[in-house]
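Quick notes on the structure that follows.
The values are calculated or read from the model by the stated rules, or taken from the named source; none is laboratory data. Note that the structure is a prediction, hence the values are computed from the model and not measured. We place every Cβ from the backbone using ideal geometry, glycine too, and count neighbours over all the protein chains shown. Note: accessible area is taken over every heavy atom of the protein model, side chains too, but ligands, DNA and RNA are not part of it. Shrake-Rupley method; radii C 1.70, N 1.55, O 1.52, S 1.80 Å.
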Amino acid sequence: MQKHEFKAEIAEMLDLVVNSLYSKKEIFLRELVSNASDAIDKAKFASLTDKTIDLGHGDWKIEIAVDKTAKTLMVSDNGIGMNLEELERNLGTIASSGTKAFRKALKEKEGSDLPELIGQFGVGFYAAFMVADKVRVISKKRGTDEAFMWESDMTGGYSTGSSQREGFGTSVMIHLKNEYEEYLDEWRIRELVKKYSDFISYPINYRKVDIPADEKEEDRKRREESEAKPLNTMTALWKRAKKDVKDEEYAEFYKHLTHDWEDPFETIVFSGEGQVEFKALLFIPKKATMELYMPNQKRGLSLYVRNVFIGDDIEMLLPSYLRFVKGVVDSSDLPLNVSREMLQDDAIIAKIKSAVTAKILSTLETLKKDEKKFNEFWAAFGTVLKEGVCVDYSNAERIKKLLKWPTARNDSGKGVFLEDYVKDMGSEQKDIYYLLSEREDDARKAPQLEAARKHGCDVLLFCDPVDEYLAEQLREFDGKKFVDIARGDVSFGSEAEQKAEKDANEKASAEMKGFLEAMKSELGEKVSDVRVSTRLTDSPCCLVAKENALSPSMIRMMKAMKNDVPEEKRILELNASHPLVKKVSEMKGEELSDAVTLLYDSALIAEGSPVTDGARFTKLLSALMLK
Ligand code: ADP
C-alpha cells in the first residue's frame, strides 16, 4: 500500500463539498451511477473499434449492493475500468483549471446551492464524501489482468495498492456516516434511481449483501424476485414519445449529459424520416458558458447507432453557429463500427446535420413569437447565432430574420428585428442604414446619425464585434441594401429634398473652397479629403470612410496575413452652417492651425476614438480655455 497526499486544491475542494450545508446530498448516487454508465459506454465503444481489447461478456450492468450491517453501499460496473496510474490521475488530482473555475463559481454563487455546482466541474466522484466518511475504489481495466485499489477517508490523503477483483470494471464502495443511513434503505435507493437515473441505458440492479442466516424461504424468494428486476426502465428518452416523458425526466437527462446544474431552456424532440431515419433529443441551455467562445472547445452532439453509444461531441452533426445546442442523435442508418474519421465525410451524417439545423431554426422561429422567451435566448446566444449568416449561405435568409440589433431610436436593450426595421421605413427610405461602433453608448451619440435622425430614418447600431464581419455578409434583406451611414455619400429625404441639399452643398463648397484647402493641407496625412457634409445638423464635423474603403475587419485580416496594408485614410466632413466652422473659416496662421487640430480631434472623440496626440490636444484646449 502506498500513501499519498491530496493535491492542495483537492483538499480544499473536498473541504468545501463536505462542509457545504446542502439539502440534496442524495445526488452523490446520481454521480456514481453516471460514472458507471460512462465507463460502460467507453468499454462498449472501445470494443467496436479496437478488437484487441478482450471484451469478455457483453452483459453490461451496474449494481448497487447494500450492506446495512456494515453501513456500506457499493456501486459496481463492468465497464472500462482503471489501472493504477488512472486511479491516481482520475481520483487523486483534478485538472487545476477545473478546480479554479469551480472555486470562482463558488465565490460568485455565494450562499446558493453548492453541490449543484459539483457535477459541472467534473468533481462528481467526490460528491460521495458528502455522505461517506470512507471511500474505497477497486478497479480492473479491460485488457489487463491486475486489479488495484484506491482508498481514502478524506482527512489523511489517499492510499493505493494491489487488489483483487473478479472480472473487469470498477466498484466504488462508500461507508456512510451515521446521519446518512437512510441511503441504505432499499426504497430510498429505488426512489433515487427512478428520479435521477431512469434513462441510463444499462440495467441498474439492487442487491442486499447482509442476508440473515435464518432468512425464511418466502423472504428469500421475494428478495430474489425483486433483485432480478432492474431499478430503471432503461428506455432511451429519445425513443419515447414526447407526451409520455415528464419534463423532469428530460431535465435530468439533460443534466446527466451536460453537467449543467440548471434545467434546459428548451427541449426539442424530433425524428427524421424519409431520406435518413434518426431520432434526436436536443436541448438549448439557459446560459452561455465561456467555452462557447473558445476555439478548441468541445462542441457537437452525442451519436448513438441503434442505441449503441458511438461518441460525444460529434461536430459533424451540428453547424458551428448552433454550438450552444446539446443533445443526442440516434440513427439506424449508420454502421455500428463507424469511427470519428469516417463520420467526416459521411453522406448520412451530412443529411442529419442539415435536418437538425432546420429543426433548430424552426424552433427558434417559433420561439420568436414569444417575445420574452426569445429575448432570454437572444441575450445568451444571439452573438453566436449571428455567425450563421457568414458561414451557412443556404440558411442565411432564415437566420437574418432571427437577428436583432439596437437602433438609434430603440434603446430598450431588446433590439429590433429586420422585418420591424423595414416595416418602419418611410416611403422615401430605400436602404437599411447601419453604423459600426465599438460601444452602443458612443454609437448613440455619433454625429454621423444626425441627418438620418432629422429625416426620421432609423439606424441599426452594429456594436457587437461580430457585427463588423456581418456587415460585409448581410448584403440585402427584403430587397433592401445594407448601407453604412459613416461611409461614402449618403442623402436623405425626397428626391426634391436631395436635389436641394446637393445644390446647397455645392454652393457652400464653392464658398469655402479656400478654407477647405487650407484645412486639408493643415491636416496633411491624417485625412484623404475635407469636404462639406450632408450628414450633420448639430455637430461641427465628423469622419467618414470612402465609398470603397476597406473595412476595419478586412484591414485586420490582411495585416494578420502579413500583407502590406496601406493606412485607410478617412474624409473629414464639415457642417457648413455650424457657427464654429464659420468662425474657424475666418481664422489665419497659427490660430487656424490650432483650431483645425482641435476640430479634427473633436471628431475623433465624438466617435469614441482616441486623439492622435493627447499632449498637444490638452495644451491647445487649456490655451483655449484661458482665452
Ligand atoms: P467526471 O466524471 O465529471 O469526469 P469524476 O470526478 O466523477 O468526474 O470522475 C473523474 C474521472 O474518474 C472520470 O472522468 C473517469 O475517467 C474516472 N472514473 C470515475 N468513475 C469511474 C468508473 N466507474 N469507471 C471508470 N472510470 C471512472
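Side notes on the structure shown:
- Flag for D133 being within 9 Å of the ligand (Cβ to nearest atom), under 24 Å from E186 (Cβ atoms) and either touching a helix residue (DSSP H, G or I) at 6+ places or on another chain (Cβ under 8 Å) or at pLDDT 85 or above (or both): no
- Subset tally (residues that are in contact with a Lys or Arg (Cβ under 8 Å, 6 or more places away or on another chain) and either closer than 27 Å to K445 by Cα or polar (S, T, N, Q) (or both)) for the stretch 535-567: 8
- Lone qualifier among V66, V123 - being within 30 Å of L48 (Cα to Cα) and either at pLDDT 95 or above or within 22 Å of the chain's Cα centre (by Cα) (or both): V123
- Residues considered: D313, D210, D219. Of these, the only one that is touching a Lys or Arg at 6+ places or on another chain (Cβ under 6 Å), over 27 Å from A358 (Cβ atoms) and either among the small types (G, A, S) or open to solvent by 30 Å² or more (accessible area, probe 1.4 Å) (or both) is D210.
- Residue identified as part of a loop (DSSP other than H, G, I, E, B), in contact with a helix residue (DSSP H, G or I) (Cβ under 8 Å, 6 or more places away or on another chain) and surrounded by 12 or more Cβ atoms within 10 Å (Cβ to Cβ) among V276, V269: V276
- Of the set (1) open to solvent by less than 10 Å² (accessible area, probe 1.4 Å); (2) at pLDDT below 90, all apply to L460 but (2).
Every residue, every condition in (1) outside any helix (DSSP H, G or I); (2) within 26 Å of D467 (Cα to Cα), yes or no:
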residue	(1), (2)
L543	yes, yes
M557	no, yes
V565	yes, yes
L598	no, no
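- Taken over the stretch 463-477, the criterion of being open to solvent by 40 Å² or more (accessible area, probe 1.4 Å) and modelled with pLDDT under 90 is satisfied by P465, Y469, E472.
- So R444, is it on the phi > 0 side of the Ramachandran plot, in contact with a strand residue (DSSP E or B) (Cβ under 8 Å, 6 or more places away or on another chain) and among the basic types (K, R): no
- Test: residue in the stretch 502-521 that is without any contact (Cβ under 8 Å) to a residue 40 or more places away in the chain, in contact with an Asp or Glu (Cβ under 9 Å, 6 or more places away or on another chain) and over 30 Å from G388 (Cα atoms): yes
- S162 vs. criteria crowded, with 22+ Cβ neighbours inside 10 Å, of a type in the set (S, T, N, Q) and more than 21 Å from E252 (Cα to Cα): no
- Hits in the stretch 319-372 (condition: β-branched (V, I, T) and buried (at least 21 other Cβ atoms within 10 Å of the Cβ)): V325, V328, V329, I349, I352, V356, T357, I360
Conditions (1) open to solvent by 40 Å² or more (accessible area, probe 1.4 Å); (2) basic (K, R); (3) more than 20 Å from F515 (Cβ to Cβ), marked per residue:
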residue	(1), (2), (3)
A560	yes, no, yes
V565	no, no, yes
S577	yes, no, no
K588	yes, yes, no
A595	no, no, no
A615	yes, no, yes
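- Top-ranked residue of the stretch 186-207 - restricted to ones that are among the charged types (D, E, K, R) and open to solvent by 40 Å² or more (accessible area, probe 1.4 Å), ranked as nearest to the ligand (Cβ to nearest atom): R207
- Residue under evaluation D529, criteria (1) out of contact with any strand residue (DSSP E or B) (no Cβ under 7 Å at 6 or more places or on another chain); (2) over 30 Å from D411 (Cα atoms); (3) open to solvent by 50 Å² or more (accessible area, probe 1.4 Å); (4) not basic (K, R), criterion not met: (1)
- Among residues of the stretch 29-49 that are modelled with pLDDT of 85 or more and of a type in the set (S, T, Y), those with a beta-carbon under 8 Å from a residue that is open to solvent by 20 Å² or more (accessible area, probe 1.4 Å) and away from the ligand (no atom under 12 Å from the Cβ) at least six positions away or on a different chain give the pairs S37/S201.
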